[in-house]
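Note sheet for the following structure.
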Amino acid sequence: MAVTQRKRPQSDKLDVKPATSAQTGKTWGRARDVGSFTITCSAIIMATCPLMVVYFWMACTSFQCSLAAPFEKLTSRGFSLVALEHGLEDLVKDNFPTPTKEGFQLYFAWLLFQAALYAFLPGKIGYGQMTPAGYTLPYVVNGLLAWVVTHALFIGASLGLGLFPASIIHDHWGGLLIAANVYGYFLTIFSYLKAYIAPSHKEDRKFSGSIVYDMFMGIEFNPRLGKYFDFKLFHNGRPGIVAWTLINFSFAVAQWQRIGYVTNSMVLLNFLHWVYVIDFFINEDWYLRTIDIAHDHFGFYLSWGDSVWLPFMYTLQSHFLVRNPVDMSWPWFTFVSVLGLSGYYIFRAVNHQKDIVRRTDGHCKIWGRPAKVIRTEFITSDGKTHKSLLLCSGFWGLSRHFNYVGDLLISLAMCLTCGSGYLLPYFYIIYMTILLMQRVHRDHERCKGKYGKFWEEYCRVVPYAVIPYVF
């Protein structure tokens, strides 16, 4: 496939040349050298995460969202090997999701519809961050329009025309889970083979020497079909994040069908998710320079994660509230609303400061004072030296990832809509905490490799990773 580059004035144009193996051996980005422990963990995650999603689905669908109940049924006959075998047989036979024709039809129709919107809806061209090999790639930024079209058609066809029940996603949740898993594994294998057979940008590939790790973390940095169809942006933004609010809406309708009204907790949950998702699409051009697009390669971690983990695990609260309706007191409703909106404000304000510094090359004011920046240099694998900025004032002077504080606050608010009687709906804040802390570590290693002494200086100026004076 042809290499696509951003068009710049002649004086600033990237003259990208294929990197030699010697050059690509020591570039910043995803690590190449991995140990047996990392490889083993990768294999365990690929094998167990699908089972974990199924377990949570079973807990909600058959056991009122009790995480302990499926295990209790598994061990109800005892802990001997024979007893556990019979217990597992009973658990799977009565409660395991089954593949359905409707589930596969709905899921793959959804994928094709979102692919058509991604490919044909108009949108401005945004540009990602420079890759380790020196590419600056274009993206069609039309996610907000795709979100609007999708939700308008779904609501109009279901509630307006009555072509199908608005609870259709809820009603086929088990069949959709099986179909999504099939696609997630297919996409993982397809992306792995594509990296060898038809890479989009072969200079940005990274091979670890381990099939397991390369399949898990991915080999290609920006796998594409044609000029603009980018795997990472499409799968995360379209069948992943567009689906997020649609799933919650369908589960809210299912709650109304069950109890005759929609609880204020379900309304608030939908509102907080809508704020988060709409903000994502309004600022989709900004997302092109975040960790998923700018740093991660495309393997199981993103392909299966975007296809299964995101839509099924990030919406656990709405699944919970269908089975366990919660009517929040108005003081508690107000508190959770303020907490969530405060988290959103921090998240957006922090990222806005970085954006304005980048747009003005550091010649701006942050909190009424001239922005403090560290001007850096880094080298891409084509041997060229480039310049960048590290902001160390405003929120970015408090910690190196203060945006994660906002992320965690809004995540906690989403969980608090479900009350305090069950652990399951709080999985999201537990997972987000682990994910973001792991991202702190990955980002630190990547930036240390990219910026070298400049990153060390930045860490001295801003010593805290997330929470000032704590971590």
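Nothing in this text is a laboratory measurement; each read-out follows from the coordinates by a stated rule. Just so you know, these numbers come straight off a predicted model, no measurement behind them. Cβ atoms come from the backbone with ideal geometry, glycine included; neighbour counts cover every protein chain shown.
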Protection proxy (average C-beta count within 10 Å per residue), highest first, orders 155-161, 270-276 as 270-276, 155-161
So how many Å³ per residue does the convex hull of the Cα atoms of segment 326-374 work out to? 90 Å³
Measure off 7 Å from each Cα along the Cα-to-Cβ vector at Leu159 and Lys93, then give the distance between these two points in nanometres to one decimal. 4.3 nm
Tell me the label-point distance for the pair Phe79, Cys364, using the 7 Å Cα-to-Cβ offset, in nm and rounded to one decimal. 5.9 nm
Using only alpha carbon pairs under 8 Å that are at least six residues apart, calculate the relative contact order of the chain and give it in whole percent. 18 percent
Provide Arg375, Arg77, Arg224 in ascending order of the number of other Cβ atoms located within 10 Å of each residue's Cβ, fewest first. Arg375, Arg77, Arg224
Principal axis lengths of the chain from Cα atoms, whole Å, largest first? 66, 52, 49
For segment 330-471: rounded, prolate or oblate by the Cα gyration tensor [a/c cutoff 1.5]: prolate
By the mean-Cβ-within-10 Å protection proxy, highest first, 85-93, 214-222, 345-353 rank as 214-222, 345-353, 85-93
Here the gain from full extension of Ile259 to Phe229, 0.36 nm per residue of separation minus their alpha-carbon distance, amounts to 6.5 nm
Would you kindly state how much longer the chain becomes between Thr433 and Lys384 on full extension, computed as 0.36 nm times their sequence separation minus their alpha carbon distance, in nm to one decimal? 13.9 nm
Taking r as the C-beta separation of Ile211 and Val149 and R0 as 35 Å, the FRET efficiency to the nearest 0.05 is 0.30
Give me the number: length gained by fully extending Ile278 to Glu377, i.e. 0.36 nm times residue separation minus the C-alpha to C-alpha distance, one decimal in nm. 32.2 nm
